[in-house]
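Below is one structure, written out as structure tokens, with a few remarks after it.
The values are calculated or read from the model by the stated rules, or taken from the named source; none is laboratory data. Treat the numbers as computed from the prediction; the structure is a model and nothing was measured. In this analysis, Cβ positions are derived from the backbone assuming ideal geometry, glycine residues included, and neighbour counts consider all displayed protein chains.
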Amino acid sequence: MNTLLKSFGLFAMLFVMTFTTSCDRKGNDTPVIEMTISEEDAVDVIEGALTMDTEGLVSELEDAAEVADKYAEKTFNEPCGVTFDSTFTVVESNAFITASYSNHLEWTVYCNNAEIPVNLDFSRESQGTYETTRMESADASSSAWNLDNLILGTNYVLNGTYSRSGSQTSKVRNENSLTSTIQMTITNLNVNKGTRRIESGTADLTISGTSTTGHSFSFDAEVIFQGNGAAVVVVNGNSYQIDLY
């Protein structure tokens, strides 16, 4: 009888110890929340790579048009085939955005046999930060363009590539944090010579990156420039309207 009671007591003690250890282990486990980057998050980053106030694509197109205007108006007397450069800083602060970027431009104009400028190569490197009501970003970008119709026509026509990479923190939805890289190829972008605004053109892009919890993402998108400061970003058949300026 004593042996039976001792055995039962030992079994009960082991059961309690096992149950307690199991509970402790469960209590100490902290679940890791996987931070998934949504299509909408990606579009917000793409918007920052496009818009004027964030020193995006349309900002450097305005820089390119300003350089081109000098040759079209013959206020530049620089020789053909020689590369020139310029460096400057842009600071923006209003109720909607704060931004600060350093920019470096390079350009080379090409002429015909009569020494009349006909097109130019243009590139820009930019680095800085911006903060809007929807997102914070620290990023850098680079580009390479060929600008045609330097003298003829009412529009400059640009073809080229644009890339932008950095880290972002969203202020909306799940407030995700991520690193991202955008690679963009732009085709037949028409920029009005009078307003320096985009009238038409398209861009194909890929945005990829990683959330702070290690979740990888990648989206392909098309940008359709509609004129009047508007563009549409199409991702997986879904359209998102962007105000460029």
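Some notes on this structure:
- All told, residue 91 falls short of being more than 27 Å from the chain's Cα centre (by Cα), under 28 Å from residue 128 (Cβ atoms) and among the aliphatic types (A, V, I, L, M).
- Only one entry of 106, 131, 125, 136 meets the criterion of being more than 22 Å from residue 44 (Cα to Cα), out of contact with any Lys or Arg (no Cβ under 6 Å at 6 or more places or on another chain) and acidic (Asp, Glu), and that entry is 106.
- Residues of the range 46-57 that are in a helix (DSSP H, G or I) and surrounded by 24 or more Cβ atoms within 10 Å (Cβ to Cβ): 46, 48, 49, 50, 57.
- All of 124, 134 fail the test of being touching a residue at least 40 places away in the same chain (Cβ under 8 Å), surrounded by 21 or more Cβ atoms within 10 Å (Cβ to Cβ) and not hydroxyl-bearing (Ser, Thr, Tyr), apart from 124.
- Exactly one residue out of 110, 101 is in contact with an Asp or Glu (Cβ under 9 Å, 6 or more places away or on another chain), assigned to a strand (DSSP E or B) and either modelled with pLDDT under 95 or loosely packed, with under 15 Cβ neighbours inside 10 Å (or both), and it is 110.
- Complete set of residues in the range 106-146 that are aliphatic (A, V, I, L, M), over 13 Å from residue 56 (Cβ atoms) and touching a helix residue (DSSP H, G or I) at 6+ places or on another chain (Cβ under 6 Å): 109
- For the range 222-244, a residue qualifies if it is farther than 18 Å from residue 192 by Cα and of a type outside the set (Asp, Glu), and the qualifying residues are 223, 232, 233, 234, 235, 236, 237, 238, 239, 240, 241, 242.
- Unique match (being of a type in the set (D, E, K, R), under 30 Å from residue 73 (Cβ atoms) and at pLDDT 95 or above) among 222, 199: 199
- Subset of the range 64-88 that is surrounded by fewer than 20 Cβ atoms within 10 Å (Cβ to Cβ) and in contact (Cβ under 8 Å) with a residue 60 or more places away in the chain - its residue that is nearest to the chain's Cα centre (by Cα): 66
- All conditions in (1) farther than 30 Å from residue 215 by Cα; (2) of a type in the set (Val, Ile, Thr); (3) in a loop (DSSP other than H, G, I, E, B); (4) at pLDDT 95 or above hold for residue 90, with the sole exception of (3).
- Residues that are in contact (Cβ under 8 Å) with a residue 60 or more places away in the chain and more than 14 Å from residue 60 (Cβ to Cβ) do not occur anywhere in the range 153-165.
- Counted residues, the range 197-230 - those being out of contact with any Asp or Glu (no Cβ under 9 Å at 6 or more places or on another chain), within 18 Å of residue 39 (Cβ to Cβ) and not β-branched (Val, Ile, Thr): 4
- Being within 16 Å of residue 125 (Cα to Cα) and free of Cβ contacts under 8 Å to residues at least 40 places away in the same chain holds for only one residue in 93, 100, and it is 100.
- Residue list for the range 216-225, filter: more than 19 Å from residue 162 (Cα to Cα) and not hydroxyl-bearing (Ser, Thr, Tyr): 217
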